[in-house]
Each structure stands twice: as C-alpha cells, then as structure tokens.
Amino acid sequence: MTKTTNLDERTGLPQEWLFLLKEHPREDWPGHRNLGPLTEFWLARHNGFRQLGGDLNKILTDFREQKIPVNRFGNLFAPRLQQFLSELHHHHMIEDHHYFPVFMEAEKRLVDGFELLEGDHELIHHRIESVIKSANKLFGQLQTKDRDAIRRAADSFAGVSDTLISGLMRHLDDEEDLIVPVILDRGERKLGLS
C-alpha cells in the first residue's frame with residue numbers, strides 16, 4: 001500500500017477519486033435535493049461512531065488519570081466498548097455486502113476507491129480483535145487490585161484503542177467523501193437504495 005492510501009498515513013483520498021466531491025462539496029450536502037433518509041441515517045451512524053469513540057477515549061483518559069475509581073471503571077467502560085465494537089462490525093458488514101457493490105456498479109471510475117475502503121474494513125476488523133484481547137487483559141487486571149499491573153494494562157489498551165479509533169476517524173471521513181457525492185449525483189432511488 002502506498003503512503004497516500006495507507007490508512008495510518010493518508011490525509012485524505014487521492015485527488016483522482018474526488019471528482020464528484022468537487023461537484024458536491026461537504027458544505028452543499030445539508031439540504032441537497034438528493035440527500036435522502038438513508039443517507040442521513042448513514043451519516044448519523046458515522047457521527048455516532050465519532051461520538052462514542054470520543055466518549056470511550058474520555059472515560060479511559062479519566063481512568064488513567066485516576067479520576068474514575070477502579071471499582072467503577074469496568075461497569076462504565078465495558079458496555080460502551082461492547083456497543084461500539086459490535087455496532088461497528090455490523091455496520092461494516094452491511095457496507096461490504098450490500099452498499100459497496102451498488103456503488104461499484106454505479107460508478108466504475110471509483111472501484112479502486114471502494115476496494116480501498118473494503119481493505120480499511122479488513123484492517124479495522126483486525127484492530128477490533130486486538131482491542132478485544134487488550135480489553136480482556138485490562139478487565140482481568142482490574143480484579144487483581146494491583147495498581148501497577150492495572151496501570152500497565154490500561155496504558156497498553158490505550159495504545160491499541162488509539163490505533164483503532166484514529167484509523168476509524170480517517171476511514172469515516174474518506175468513506176463519506178467517496179460515497180455521499182455518488183448518492184447526491186445519482187439519488188438514492190436511482191441507485192436502488194430506497
């Protein structure tokens with residue numbers, strides 16, 4: 001993977017894939033005649049991932065700074081993490097198996113872009129697995145009451161979690177830059193999405 005397409009290094013998509021974004025820039029999306037309910041829902045889901053990812057970072061930071069006690073952290077953090085990871089996995093499955101094929105068929109010039117997004121999903125899935133393993137270690141250490149072991153496990157988890165969330169934030173922006181302009185250009189109904 002080149003620097004411009006590597007999830008951890010890219011700062012956006014290659015310009016040759018953004019021709020529809022130039023015709024339909026983000027500031028024009030709200031109120032666009034082809035911005036249908038499915039697209040609004042999908043964008044809201046993305047914003048929900050951004051919000052929940054930020055909430056998880058905040059709770060973890062507060063815990064690591066000892067603003068949240070050990071006996072409260074697990075009950076506060078675990079359900080939110082489980083929700084975040086399971087919803088993200090489900091969201092990506094729907095995109096990979098239903099929506100991406102529709103977009104690839106509709107706009108053949110962007111097939112490479114959609115394949116890149118599918119590759120992101122694979123990488124993010126592997127990172128979800130790493131987060132689960134690291135979280136299980138952290139939650140296991142919480143039971144020991146060993147402050148040093150808990151701190152090390154929390155620090156380790158923070159690194160793995162940050163890798164997942166920072167890559168996801170880049171992916172969400174890029175995915176929107178590719179998909180929303182296709183929808184605005186063609187319309188949900190014409191694409192067979194509504």
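The values are calculated or read from the model by the stated rules, or taken from the named source; none is laboratory data. As the structure is a prediction and not an experimental result, all values here were calculated from the model. Cβ: placed from backbone, ideal geometry, glycine included. Neighbour counts: every protein chain shown. Surface areas here come from the heavy atoms of the whole protein model, side chains and all, with no ligands, DNA or RNA. Shrake-Rupley method; radii C 1.70, N 1.55, O 1.52, S 1.80 Å.
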Requested in this report: All but one of (1) in contact (Cβ under 8 Å) with a residue 24 or more places away in the chain; (2) crowded, with 16+ Cβ neighbours inside 10 Å; (3) farther than 25 Å from Asp55 by Cα hold for Asp112, so report the exception by its number.
Outcome: (2)
Query raised in the report: Which of the residues that make up region 1-42 are aliphatic (A, V, I, L, M) and in contact with a Lys or Arg (Cβ under 8 Å, 6 or more places away or on another chain)?
Result: Leu7
**Report entry** Options Glu23, Glu9: the member that is touching a residue at least 12 places away in the same chain (Cβ under 8 Å) and open to solvent by 90 Å² or more (accessible area, probe 1.4 Å)
**Finding:** Glu23
Query raised in the report: Residues of region 86-103 being among the hydrophobic types (A, V, I, L, M, F, W, C) and touching an Asp or Glu at 6+ places or on another chain (Cβ under 8 Å), which ones?
Result: Phe100
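Among Leu123, Leu117, which is in a helix (DSSP H, G or I), touching a residue at least 12 places away in the same chain (Cβ under 8 Å) and either open to solvent by 60 Å² or more (accessible area, probe 1.4 Å) or in contact with a Lys or Arg (Cβ under 8 Å, 6 or more places away or on another chain) (or both)?
On the way: Leu117 fails: either open to solvent by 60 Å² or more (accessible area, probe 1.4 Å) or in contact with a Lys or Arg (Cβ under 8 Å, 6 or more places away or on another chain) (or both).
The match here is Leu123.
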Query - Filter result for the condition that a residue is of a type outside the set (Phe, Trp, Tyr) and touching a helix residue (DSSP H, G or I) at 6+ places or on another chain (Cβ under 6 Å), over Leu142, Leu116, Leu123 - result: Leu142
Query raised in the report: Taking region 136-165, which residues are surrounded by 14 or more Cβ atoms within 10 Å (Cβ to Cβ) and among the small types (Gly, Ala, Ser)?
Result: Ala149, Ala153, Ala154, Ser156, Ala158, Ser161
Report summary line: If we take region 1-114, then helices (runs of 4 or more DSSP H) inside it with 2 or more residues that are more than 19 Å from Glu188 (Cα to Cα) and within 18 Å of the chain's Cα centre (by Cα) are 37-64, 70-94
Query raised in the report: Does any residue in region 143-163 that is free of Cβ contacts under 8 Å to residues at least 24 places away in the same chain come within less than 7 Å, Cβ to Cβ, of a residue that is open to solvent by less than 70 Å² (accessible area, probe 1.4 Å) and part of a helix (DSSP H, G or I) six or more places away or on a different chain, and which pairs are these?
Result: Ala149/Gln141; Ala153/Leu138; Ala153/Gln141; Ser156/Ser134
Query raised in the report: Just to be sure, is Glu95 open to solvent by 60 Å² or more (accessible area, probe 1.4 Å) and of a type in the set (Asp, Glu)?
Result: no
